[in-house]
Structures are given as C-alpha cells and as structure tokens.
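A short write-up of the structure that comes next.
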Amino acid sequence: MIKYLILLFNVMGILFFKTFFETEPITVAHNFPESVVTGGEYVVEVKINKNTVGGFAELKQILPIGFNASIIDSKRGTFSFSDREVKIIWMTLPDDEEFTVKYKITVLAEASGQNQVVGTFSYLDNNQKATVNLETK
C-alpha cells in the first residue's frame, strides 16, 4: 500500500512540474512567395515565437540560384548573405517573446526553374543546441 502512495505522489509531482514549468515549443513561420518573376523584388518575413528562450540563436535560409537578399530588419541580429545563404545571428535574442525579421529578395536574370527554399532556426536550450526546421517553400 505504501508503494502505491509513493508512486501516486511521484506521478502527481511530475504532472505538477510539467503543468507549471514546461515551456511551449518554439515556432518559426515565414511567408516566402510561392512563385516569383525575374526582376521582381519581394519582402520575406520570418515570424519567430521564442517563448522564454534567450541567448544565442541563428536563422538560416538557403535561396535558389539567381536570388539576392538584403536586410530590412534583423531585430539587432547580424545579417549576412553569401553563397545563396541568408543568415541572421543573435548573440542574445530580442526580449520580445515573439518578433519578426524582414529581408528583401531580388530575383536576378539567371534564376529559372522549380526551386525550393529551406531553412532552420537554431538556438541554445540549457546549453544544448536545438533546431527548428522551417517549412520548405
């Protein structure tokens, strides 16, 4: 009987801990256009809901050949674009639980065909690297 009471208290403790201390998962969504035309310019918005995560993080997206990117708003992150890779790095994430970064893509003449845009958002969670894959567009 005592074993069952101890087991009951352990289960209740776990449920209590999960209810009050478990964080919501991080979500990342982007509005990359489904189709583009040569010479066109488009604004890409990436909405990040980081919940309580802070510290180092990196947003990375690989663009098709013939695309160029320039920053509009990185929310104090360091922006770079090289070898088709858009990268924004934060040493410390913004204080807001949810924020949106924006960059502009320009479709150059050498862009053609069906292409995909892939990306990741990586961050540190309790000194462990965690990654969220962005929806492929």
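How large is the accessible surface per residue of the range 44-137, computed with a 1.4 Å probe and reported in Å² as a whole number?
So the range 44-137 comes to 56 Å² accessible per residue, rounded to a whole number.
From the C-alpha gyration tensor of the range 58-137, pull out the three semi-axes of the equivalent ellipsoid (sqrt of 5λ each), sorted largest to smallest, in whole Å.
25, 15, 10
What's the carbon and sulfur percent of the range 68-113's accessible surface, probe 1.4 angstrom, rounded to a whole number?
42 percent
Please express the Cα-Cα pair-distance distribution P(r) of the range 28-67 as a list of whole percents, one per 10 Å bin, running from 0 to the bin with the greatest distance.
Reading the bins upward from 0: 19, 47, 24, 10, 0.
Place a label point 7 angstrom from the Cα of Thr131 along the Cα-to-Cβ direction, then list the residues of the range 83-120 whose backbone nitrogen is under 13 Å away.
The answer is 118-120.
Evaluate the distance, in nm, between pseudo-label points positioned 7 Å from the Cα of Glu41 and of Ile71 along their respective Cα→Cβ axes.
Distance between the two pseudo-spin positions: 1.8 nm.
Based on the mean of other Cβ atoms within 10 Å per residue, sort peptides 105-112, 91-98 so the most packed one is first.
105-112, 91-98
The values are calculated or read from the model by the stated rules, or taken from the named source; none is laboratory data. As the structure is a prediction and not an experimental result, all values here were calculated from the model. Don't worry about glycine lacking a Cβ; one is built from the backbone with ideal geometry, like all the others, and counts go over all protein chains shown. Each accessible area value is taken on the protein alone, full model and side chains, heavy atoms only, with ligands, DNA and RNA left out. Shrake-Rupley method; radii C 1.70, N 1.55, O 1.52, S 1.80 Å.
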